[in-house]
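Have a look at the structure below, then the notes.
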Amino acid sequence: MNKIVLCTNHFSPSTGGAEVVVHKIATYLSADYEVVVLTRRLPGRDHKDFTDFTVVEYMPGDVNTFMQKMKSLAPQIVFIYSDVFDFTRQLITKNVFGKLVIALCGANWIHNNRNYAKLLYRHLGQIEQFICHSTYDRDYKFCNGVKDIFKKTLVIPNGVDIDEFDNNSLTREELSAQYDVDPAKRWVLNVSNFFPGKGQMHMLPIMKELGSEYKYIQVSCDTPFLVGQKLENAWKTSLRKEKIPVIFAKNIPRKNVVGFMKLSNVFSFTSEKEVAPLVILEAMAAKLPWVSADVGHVRGLRGGRPIQALKDRRYHSLFDDRVYKLFTQAIRDVTNSWGDNGYNQVRDELDWKKILPQYGSLFKKLCQN
């Protein structure tokens with residue numbers, strides 16, 4: 001059986017979007033391949049949780065041990081999920097382990113380091129395939145701008161399990177009682193973990209302008225980074241200072257996250273930088289109208305309204321008074337409307353059932369060639 005090694009900085013039990021995507025891909029491919037997920041060491045990870053594939057850990061910065069692990073694994077295909085993977089440079093320049101596939105996930109490593117882009121050009125022969133999640137983000141623009149890269153580029157979107165939302169039967173009354181949320185209010189939901197650029201702080205001026213008719217609900221999970229706790233503490237301090245009430249639903253069961261998606265009135269996503277945000281797709285699967293800065297591929301999604309914002313040199317959206325006003329007005333405009341359009345797009349195009357076979361076809365072709 002052919003072996004595929006999936007390389008990612010973070011993996012389960014971490015709960016970010018990249019972790020979810022790699023877990024989906026690994027589980028799907030394990031039906032036909034021996035799959036190994038190679039990821040950073042995380043204290044407390046229970047390897048018994050992974051029955052379809054194996055998780056092998058490394059320490060960031062330890063190049064020699066990482067390369068030894070790769071040699072011992074001897075994969076036919078190496079799939080790097082995000083060009084900011086810790087050892088992307090080493091795998092590009094010294095790839096003797098198998099056919100190399102890179103999902104650029106925004107191409108942040110390449111855009112932030114011109115010398116790395118030159119390194120990539122010099123070693124294009126080492127790379128079999130580039131994957132972008134949409135035609136909207138700057139990773140696709142990068143690939144489209146270089147003929148020898150573009151002919152190796154494939155667009156595979158991210159997805160969502162629509163059945164998980166269709167089968168969730170929680171009621172607004174149940175969530176109201178469990179989390180002490182006034183059911184008479186209009187629920188404004190934000191689902192995001194505290195990580196640089198996720199922009200929870202931007203919710204404050206938006207909620208202040210919306211007024212008491214709306215109720216702010218923040219759903220988050222703990223992150224294994226000290227910076228996450230610092231950002232969370234700063235957000236809580238600002239909430240108290242501005243006297244903005246919030247329902248902070250932290251580390252709640254997945255079924256309750258889905259319940260909030262289905263039962264809220266509007267999804268407000270204030271992240272400054274994304275590639276293909278799963279939470280927007282989840283809002284669409286929940287028929288929940290959304291408002292988001294124009295990040296990643298959201299302008300190609302239905303069921304909500306993207307807000308245009310200037311970008312800084314890191315390609316992060318800049319939130320200012322104009323953007324806050326546009327967000328506030330859009331939330332009022334889309335509340336309790338438009339959700340069916342987003343749901344239909346997920347059903348027709350963005351269900352994992354339609355997307356995962358695209359990965360299967362790619363890896364089957366690579367193993368046969």
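The values are calculated or read from the model by the stated rules, or taken from the named source; none is laboratory data. Since the model is a prediction, treat every value here as computed from it, not as a measurement. Using ideal geometry, Cβ is built from the backbone for each residue, glycine included, and neighbour counts are taken over all protein chains shown.
One residue is enough: does region 138-145 have a residue meeting the conditions over 24 Å from the mean Cα position of the chain (by Cα) and outside the structural domain of residue 345 (by TED's automatic domain parsing)?
Yes.
Does region 167-202 hold any residues that are farther than 15 Å from residue 267 by Cα, out of contact with any helix residue (DSSP H, G or I) (no Cβ under 6 Å at 6 or more places or on another chain) and free of Cβ contacts under 8 Å to residues at least 40 places away in the same chain, and which are they?
Within region 167-202, 167, 169, 173, 176, 177, 182, 184, 196 meet the criteria.
Which members of region 9-56 meet the condition of being part of a helix (DSSP H, G or I) and among the basic types (Lys, Arg)?
The answer is 24, 48.
State yes or no: is residue 360 under 14 Å from residue 160 (Cα atoms) and either of a type in the set (Ser, Thr, Tyr) or part of a helix (DSSP H, G or I) (or both)?
Taking the combined requirement at face value, the residue does not satisfy it.
For region 57-80, name all the residues that are surrounded by 17 or more Cβ atoms within 10 Å (Cβ to Cβ) and part of a strand (DSSP E or B).
Those that are surrounded by 17 or more Cβ atoms within 10 Å (Cβ to Cβ) and part of a strand (DSSP E or B): 58, 77, 78, 79, 80.
Quick test of your reading of the structure: residue 154 fulfils all but one of (1) of a type outside the set (Val, Ile, Thr); (2) in a loop (DSSP other than H, G, I, E, B); (3) closer than 19 Å to residue 359 by Cβ. Name the failing condition by number.
The failed condition is (2).
If a residue must be touching a Ser or Thr at 6+ places or on another chain (Cβ under 6 Å) and of a type in the set (Ser, Thr, Tyr), how many such residues does region 1-58 contain?
Total meeting the criteria: 2.
So that you can scan it fast, the table gives a plain yes or no per residue for (1) out of contact with any Lys or Arg (no Cβ under 7 Å at 6 or more places or on another chain); (2) under 19 Å from residue 179 (Cα atoms):
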{"site": "201", "(1), (2)": "yes, no"}
{"site": "213", "(1), (2)": "no, yes"}
{"site": "236", "(1), (2)": "yes, yes"}
{"site": "243", "(1), (2)": "yes, no"}
{"site": "251", "(1), (2)": "yes, yes"}
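Do you know which residues across region 186-245 are modelled with pLDDT of 95 or more and among the aromatic types (Phe, Trp, Tyr)?
Answer for region 186-245, where residues must be modelled with pLDDT of 95 or more and among the aromatic types (Phe, Trp, Tyr): 187, 194, 214, 216, 235.
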